[in-house]
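Scroll down for the structure; my scribbles are underneath it.
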Amino acid sequence: MTGIAGWVGRAGNDLPSDRILARMLDAGHRHTGAERQAVPAPDASVGIEGWPEDVAAVRDGDLFVAVYGRPVWRDAHYRALMADLAAAAAVAHAWRDRSTDLFSLFGGPVSVAMVDRAADEALIAIDRIGIRQMAFARTPDGGLAFASDARAVCAHPSVTQAISPQGIYNYLYCYVSPGPPTIFDGVEKLQPGQYAHLKNGTLNRRFYWQPVYGENAAADVDELARDVRAGLDAGVGAAVDAAGDATVGAFLSGGLDSTSVSGILNGLRPGAPCFTIAFPEERYNELPWAEEGAAHFGAEHIVHYLTPEETLDAIPGIVEAHDEPYGNSSSVPAYVCAAAARDRGVDVLLAGDGGDEIFTGNERYVEQRRYDAWYRIPGPVRKLLLRPLLRAISSGDGDGSLARARAYADRALMPLPDRLQAYNLVETTPARTMFDLDFIGAVDAAEPRRLLGEVYNRPADATELKRMQFLDLHITLADNDLRKVNRACEAAGIRVAYPMLDEALFDRAAAIPSDVLLSGGRLRGFYKDMMADFLPASILNKPKHGFGMPFAEWTRAPGALRDLAEASLRDFDTRRILRPGLADELRDDLTGVRHSRFGGLVWDVMMLELWLARHARPV
């Protein structure tokens, strides 16, 4: 396992504490070259495993501390302590000095765990952005078991490994597992910028950080652009500096963010290698833009064409790498790309993740603004004339303009963030036509919406746009893309850094007014204007692609990949989660016999079944 594990309280059986800690650290994927440090004791233990540069554990009397990653100290005193004593000892001093306020003293992509045997106290936390992870569970004696991997929490003898039906439903709703619940009953995970503090038997969860979103209408756009551009350069520079003498490369998809990061990297290390996954299928292929970006900046460009056979080979490792079911198919090209970089001698890859979320690159940011027009129509006209009229005359219009107008009005009436799920398959399908009745009767179908709403509504005095960005920080990044890239790189045996998510850059981006971010109503309007003198025009103006792969196209022809998907659907059907007969419909869609609205479920269900078969008791 990469990360931290430990507990405070009685372990619940007669196993020695070092054996329990080893069992927790052994859970999940382990990469070659990992270093392990352990501080065990009968009633409180911490351990850590990972790249030698990232792991630090210390015992200071009855206080045990583990830190994964390198804290960036804001205070020179603690910076000096870390230089002298290493990261865990410096954090121990900060804890003794500031208690739970210690997070005001440092930032960076780190996770922290502390247990105090004498005080029967524990504190766990992850970074502001959610680059690191931490899951936890209460133990029967009032203690706490925790780990960076949810499976490692379940390896503690006082924690069960029961799968939650609600967790399965939430996964099928989001195709990832949205926090704070996990797929395991009784196991939760921390959200970005959050800590959990156990003291006197009471567990408190608090957010030690929230973005400060700015809407200064008088802001000088040119000054903002200079400031943010300097922050972007500094973010890449900090990632390169942190790598030291290691060989650094970059993911290069051909999009705005990966091209920006690759270009800045090549300004610092000329000829740095950049890696692209390509496909013969034009719909998925961004190779022409990646080639242009690499040539523009003089990068060494390594292109790898992904095949169905390679995808089949990669799937077991991806299933093993994730502590919860993970349905984003782009995990395969991410893993293969990372493995190609490792094979070329690269030690650290820079990723462009985060740019869409902090600089408004997701289509929904513009789409939601289209509903503002509905609310510019006087209320009585909307309610007494337009709504009844659209209902009356659109029913026989099928997919015509009147039906679309009615759908627009229906969606406009939905509050955010619920409206963001207007195209969600689970949300828009009657439960009885999708799920087994016993299964759906045992879950709360409203929970995913409630989880999303709690995040969306948390920022005080934020615009709709900034609330959507904050929601994406949690769901699109922390629960999805960062898990994908972290786990893919760990499985490939390579380190990864995220310059676009440098905390200082994030704070600068958060201060940009909403109308400036979407300058001219354009996705990434501010960013494109800011980078117009740096990026090739074709990349600035290219259509937006997703980082997916042609799974549906590949399974139209017989082969081992289709066989795996069909077998997974058959096995999943026995779990009585989907309605009887739906698995057959999915198989027909898989093979191209027919196309149904459920076709997109095939990959998600396959990955869920493979994960359950590998990690879980029968559901």
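The values are calculated or read from the model by the stated rules, or taken from the named source; none is laboratory data. Predicted model only: the values in this text are computed from it and were never measured. Reconstructed Cβ throughout: ideal geometry from the backbone, glycine too, with neighbour counts over all protein chains shown.
Within the set V55, V72, V112, V67, the sole residue that is out of contact with any Leu (no Cβ under 6 Å at 6 or more places or on another chain), under 29 Å from D479 (Cβ atoms) and surrounded by fewer than 23 Cβ atoms within 10 Å (Cβ to Cβ) turns out to be V72.
Of the listed requirements (1) under 21 Å from R342 (Cα atoms); (2) part of a helix (DSSP H, G or I), T276 misses just one: (2).
Scan L610, L569 and give me the residue that is in contact with a Lys or Arg (Cβ under 6 Å, 6 or more places away or on another chain), assigned to a helix (DSSP H, G or I) and not hydroxyl-bearing (S, T, Y).
Working: L610 fails: in contact with a Lys or Arg (Cβ under 6 Å, 6 or more places away or on another chain).
Only one candidate qualifies: L569.
Pairs meeting the criteria (first residue in segment 403-422 and free of Cβ contacts under 8 Å to residues at least 12 places away in the same chain, second residue small (G, A, S) and part of a helix (DSSP H, G or I), beta carbons under 8 Å, at least 6 apart or on different chains) are A403/S394.
A quick yes/no check of all residues on (1) charged (D, E, K, R); (2) closer than 25 Å to F470 by Cα; (3) under 24 Å from the mean Cα position of the chain (by Cα):
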site: V55; (1), (2), (3): no, no, yes
site: W73; (1), (2), (3): no, yes, no
site: A86; (1), (2), (3): no, no, no
site: A92; (1), (2), (3): no, no, no
site: A122; (1), (2), (3): no, no, no
site: F136; (1), (2), (3): no, yes, yes
site: A152; (1), (2), (3): no, no, yes
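Quick check on my filter: what residues within segment 105-125 are touching a helix residue (DSSP H, G or I) at 6+ places or on another chain (Cβ under 9 Å) and closer than 22 Å to S148 by Cα? Hits for segment 105-125 are F106, G107, G108, P109, V110, V112, M114, D116, L123, A125.
Where residues in segment 410-458 are among the acidic types (D, E) and in a loop (DSSP other than H, G, I, E, B), which of them is surrounded by the fewest Cβ atoms within 10 Å (Cβ to Cβ)?
Going through segment 410-458, the residues among the acidic types (D, E) turn out to be 410, 418, 427, 436, 438, 444, 447, 454.
Narrowing further to those that are in a loop (DSSP other than H, G, I, E, B): 436, 444.
Working: D436: 18, D444: 12.
Of everything passing the filter in segment 410-458, D444 is surrounded by the fewest Cβ atoms within 10 Å (Cβ to Cβ).
The requirement of being within 30 Å of S158 (Cα to Cα) and not hydrophobic (A, V, I, L, M, F, W, C) is fulfilled somewhere in segment 68-87, by at least one residue.
Can you tell me which residues in segment 290-318 are part of a helix (DSSP H, G or I), among the β-branched types (V, I, T) and surrounded by fewer than 23 Cβ atoms within 10 Å (Cβ to Cβ)? Step through it out loud before you land on a result.
Restricting attention to segment 290-318, the residues satisfying the condition of being part of a helix (DSSP H, G or I) are 290-297, 308-318.
Pick out the ones that are also among the β-branched types (V, I, T) and you get 311, 315, 318.
If the condition is that a residue be part of a helix (DSSP H, G or I), among the β-branched types (V, I, T) and surrounded by fewer than 23 Cβ atoms within 10 Å (Cβ to Cβ), then T311, I315 are the ones that fit.
Do you know which of the residues in segment 154-182 that are surrounded by fewer than 24 Cβ atoms within 10 Å (Cβ to Cβ) and among the hydrophobic types (A, V, I, L, M, F, W, C) is nearest to the chain's Cα centre (by Cα)? Result: V176. Hey, can you tell me all the residues within segment 201-218 that are in contact with a Gly (Cβ under 9 Å, 6 or more places away or on another chain) and in a loop (DSSP other than H, G, I, E, B)? The answer is G201, Y208, W209, Q210, P211.
How many of the residues in segment 11-29 are surrounded by fewer than 16 Cβ atoms within 10 Å (Cβ to Cβ) and either out of contact with any strand residue (DSSP E or B) (no Cβ under 8 Å at 6 or more places or on another chain) or within 21 Å of R614 (Cβ to Cβ) (or both)? Reasoning before the result, please.
We begin by selecting, within segment 11-29, every residue surrounded by fewer than 16 Cβ atoms within 10 Å (Cβ to Cβ); these are 13-16, 18-19, 23, 26.
From what's left, either out of contact with any strand residue (DSSP E or B) (no Cβ under 8 Å at 6 or more places or on another chain) or within 21 Å of R614 (Cβ to Cβ) (or both): 13-16, 19, 23, 26.
Total satisfying the criteria: 7.
Quick check on this structure: which one of R391, R411, R432 is of a type in the set (K, R), modelled with pLDDT under 90 and out of contact with any helix residue (DSSP H, G or I) (no Cβ under 6 Å at 6 or more places or on another chain)? Talk me through it step by step, then tell me what you get.
Details: R411 fails: out of contact with any helix residue (DSSP H, G or I) (no Cβ under 6 Å at 6 or more places or on another chain); R432 fails: modelled with pLDDT under 90.
Step by step, each of R391, R411, R432 is checked, and only R391 is of a type in the set (K, R), modelled with pLDDT under 90 and out of contact with any helix residue (DSSP H, G or I) (no Cβ under 6 Å at 6 or more places or on another chain).
Just so you know, in segment 319-338 the residues that are charged (D, E, K, R) and assigned to a loop (DSSP other than H, G, I, E, B) include one that is nearest to A27 (Cα to Cα), and it is D323.
Could you check, for segment 68-90, whether at least one of its residues is at pLDDT 95 or above and within 19 Å of K199 (Cα to Cα)? No, segment 68-90 has no match at all. The single condition among (1) touching a Pro at 6+ places or on another chain (Cβ under 9 Å); (2) assigned to a loop (DSSP other than H, G, I, E, B); (3) farther than 21 Å from D481 by Cα that S538 does not meet is (2). Counting only residues that are touching a residue at least 40 places away in the same chain (Cβ under 8 Å) and within 25 Å of the chain's Cα centre (by Cα), which one in segment 35-52 is farthest from A113 (Cα to Cα)? Only one residue fits best here, namely W51.
Per-residue answers, yes or no, for (1) of a type outside the set (K, R); (2) assigned to a helix (DSSP H, G or I); (3) under 29 Å from L517 (Cβ atoms); (4) out of contact with any helix residue (DSSP H, G or I) (no Cβ under 8 Å at 6 or more places or on another chain):
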site	(1), (2), (3), (4)
A340	yes, yes, no, yes
G352	yes, no, yes, no
Y365	yes, yes, yes, no
D372	yes, yes, yes, yes
K383	no, yes, no, yes
R387	no, yes, no, no
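Flag: P580 does not match the condition of being without any contact (Cβ under 8 Å) to a residue 60 or more places away in the chain, surrounded by fewer than 16 Cβ atoms within 10 Å (Cβ to Cβ) and over 23 Å from I277 (Cα atoms). Among residues that are out of contact with any Cys (no Cβ under 6 Å at 6 or more places or on another chain) and assigned to a loop (DSSP other than H, G, I, E, B), M24 is not included.
Mind counting the residues in segment 465-489 that are aliphatic (A, V, I, L, M) and more than 10 Å from the chain's Cα centre (by Cα)?
At the first step, the residues of segment 465-489 found to be aliphatic (A, V, I, L, M) are 465, 468, 471, 473, 475, 477-478, 482, 485, 488.
From what is left, the residues that are more than 10 Å from the chain's Cα centre (by Cα) are 465, 468, 471, 488.
Adding up the residues that qualify gives 4.
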